[in-house]
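Heads up, the thing below is written out as structure tokens.
The values are calculated or read from the model by the stated rules, or taken from the named source; none is laboratory data. Computed from a predicted model, the values in this text were never measured in an experiment. Cβ coordinates were reconstructed from backbone atoms using ideal geometry, including for glycine residues, and neighbour counts include every protein chain displayed.
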Amino acid sequence: MTAECTIGGHLDAPTHLRCVLANMLSDPQLHSLCDVVLIVQDERFPAHRAVLAAVSTVFKAMFTNSMMERDAPEIELRSLDKRAWKMAMHYIYHAQLDIHDEPTALLLLATARMYQLERLELFVENFLVSRVGMQNCFALLQQAHQYDLSALEGACYSAMETHFDALALSPAFLQCPLSLLLRIIRSGALLVKSEVAVFDAILRWTSADEKQRAQHLDALLKHVRLEKLSDRQLGAMGRSAVVFKSSAFRQTLFERLTRRGAHDDDDDKVEAALQMGCHLKAHRRDASVFTFSHVQRGVTRMAPADEEEIVRTPWALDSNTGIVWRLKIYPRGYGKAKDLFLSMYVQARSNCARVKVDVSAKFDIFLINRKDATQTISFSSSHHFTEASDHWGFHRFLQLSQMRNSALGFLHEDTDSLLVGATLYMRGSDTAPSSSGVEVCS
């Protein structure tokens, strides 16, 4: 008995069996006990019928039924790669294997399926699952479908949902079949910064073969959550000749634009900045997402230092959850950050006087850079908001010297204002009950 076959002085059965099987092949004196030789591409592999039958239903049928191979001393295995079979034999007798690349894994997978080596097939599938990423998820999904591998299929779908923004820009995405595209864009687990990403992906896919694919626009756009797009975004996208062929989109565009009210100059500036999406983080589409923003004036020309140095944005109602949100802003800092940093916090309250706020949420607080929206500052956190703990945020959001320097683009000097806001991400089961007909607190 070798040292590897014992653990703490006691026999370890799985290790013992691996040692026995390994010795059956590795010990030259035991080679004479092999009762069959498998031939693959002129290479000979001594083996034991009993071992092969125990791991493969194909070999079991071959050696226990009246087949010509039953008593044959040598059996030629056709249509196999000898390198793959050598690795398969190593796994059969050692129950372990080192795989370093996907092509080798796929050769092994074909071999395992051909001879019904179920444990080897599971081993290879687990390896492929560990290798799934943005670059290979389309190719591996085809293999998952070919061999009916549910774990690999799930990993490929998960990669597509996680990396959708980048994946939609890849050449492989343009070859995506309609059924797969529909499967992806209707998923609630899809991670996107904005529905604009889904919209743009559909447009790009359709434009790659407009003659054949334009007919599917209605079916595709049905899964884009158009209610989350602004009128400006809908209008810009509607100018595409391809998209305008969708009757459903034309109707939605018409309904949205006819409801659009007047906007003042600040409204347009806010919407233009937010439309770039630099403040957004990727999130699951089945989350309840609520964004509010405000042009907060009077951030540097405040009352004397002995008065309360805080400004609050107006309450914003999330009608999906029945919660109102606002930002508490300390333009001169709060606590240990006073006179050093801008401090900002999200505050929550129920819109119903009879219901106490009780909600868990992830959130981003953002400060838009008006000169270059790509330089927008955004910090993320999470909190369980209750009556006793109704606000959460950041003491050190931005150094005061940077905030007050209008040349950096955060402070609008003429109006003494900052463009601030927050995005809340909540799962449906985490939200507080909504009560209609109750006036929002202000």
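For the stretch 75-96, the tally of residues that are closer than 17 Å to residue 113 by Cβ and either small (Gly, Ala, Ser) or not assigned by TED's automatic domain parsing to the domain that holds residue 38 (or both) stands at 3. How about the stretch 372-398: which of its residues are more than 16 Å from residue 337 (Cβ to Cβ) and hydroxyl-bearing (Ser, Thr, Tyr)? Hits for the stretch 372-398 are 374, 376, 378, 380, 382, 386, 389. None of 370, 354, 396, 349 is surrounded by fewer than 15 Cβ atoms within 10 Å (Cβ to Cβ) and of a type in the set (Lys, Arg) except 354.
Which one of the conditions (1) under 21 Å from residue 320 (Cβ atoms); (2) under 30 Å from the mean Cα position of the chain (by Cα) does residue 350 fail to meet, given that it meets all the rest? All conditions pass for residue 350, except number (2).
Looking at the stretch 164-175, I want the residues that are within 13 Å of residue 193 (Cα to Cα) and have a partner that is in a loop (DSSP other than H, G, I, E, B) with Cβ atoms under 8 Å, at least 6 apart or on another chain. Which pairs are those? Cβ pairs passing all conditions: 164/190; 165/193; 165/282; 166/134. With respect to the conditions (1) of a type outside the set (Phe, Trp, Tyr); (2) over 27 Å from residue 414 (Cβ atoms); (3) crowded, with 18+ Cβ neighbours inside 10 Å, residue 380 falls short on a single one, namely (3).
Pick from 57, 111: which is among the β-branched types (Val, Ile, Thr), surrounded by 13 or more Cβ atoms within 10 Å (Cβ to Cβ) and modelled with pLDDT of 90 or more?
111
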